[in-house]
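Working notes, beginning with the structure itself.
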Amino acid sequence: MERELANHLLLIAEAYAAAKGLKLSTLGRLSAWDGRFFDNLRDPTKSFTARKYDEVLAYFSAHWPAEGLDWPEQVAKPDQGEWARVVARIAARAASKRSTPTEPARASA
């Protein structure tokens, strides 16, 4: 199943990259916050989470060209609002990490 999902992401990324004239490393940075993400998908020893799959698909769904490029039939397309939910979830995680109080260092006597 994971290989099938990886192939879905690669299919979408390669189509999008060709249409937009982008490298997969650029798309990895934009969609997965990892320039090696799509290279890693080709490596059967590497894995990814269902959350990451959903985030990347949501990115492509939100940024897919309205004309000139058909979404691959074998991949279910998330609704347009999914990207907003993904961004909000990531922002909330980042904010909670920043607002977590840390104990001040104690001066040694």
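In segment 9-37, how many residues are touching a residue at least 60 places away in the same chain (Cβ under 8 Å) and touching a helix residue (DSSP H, G or I) at 6+ places or on another chain (Cβ under 8 Å)? Give the steps one after another, and end with the answer.
The initial filter retains those residues of segment 9-37 that are touching a residue at least 60 places away in the same chain (Cβ under 8 Å), namely 11-12.
Now drop any that are not touching a helix residue (DSSP H, G or I) at 6+ places or on another chain (Cβ under 8 Å), which leaves 12.
Count: 1.
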Exercise. From the set of residues in segment 1-53 that are at pLDDT below 95 and among the hydroxyl-bearing types (Ser, Thr, Tyr), which is nearest to the chain's Cα centre (by Cα)?
Worked result: 31
Problem set entry | Sole residue being assigned to a loop (DSSP other than H, G, I, E, B) and not basic (Lys, Arg), chosen from 35, 28 | 35
Seminar exercise, completed: So, first residue on the phi > 0 side of the Ramachandran plot in segment 38-51, second residue assigned to a helix (DSSP H, G or I) and not β-branched (Val, Ile, Thr), Cβ within less than 7 Å, six or more apart or across chains; the pairs are none
Exercise. Any idea how many residues of segment 52-88 are in a loop (DSSP other than H, G, I, E, B) and in contact with a Leu (Cβ under 9 Å, 6 or more places away or on another chain)?
Worked result: 6
For this session: Determine, yes or no, whether residue 5 is under 18 Å from residue 78 (Cα atoms) and free of Cβ contacts under 8 Å to residues at least 60 places away in the same chain.
Result: yes
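The values are calculated or read from the model by the stated rules, or taken from the named source; none is laboratory data. Quick caveat, the model's predicted, so the values are computed rather than measured. All Cβ positions, even for glycine, are placed from backbone atoms using ideal geometry, and neighbour counts span all protein chains on display.
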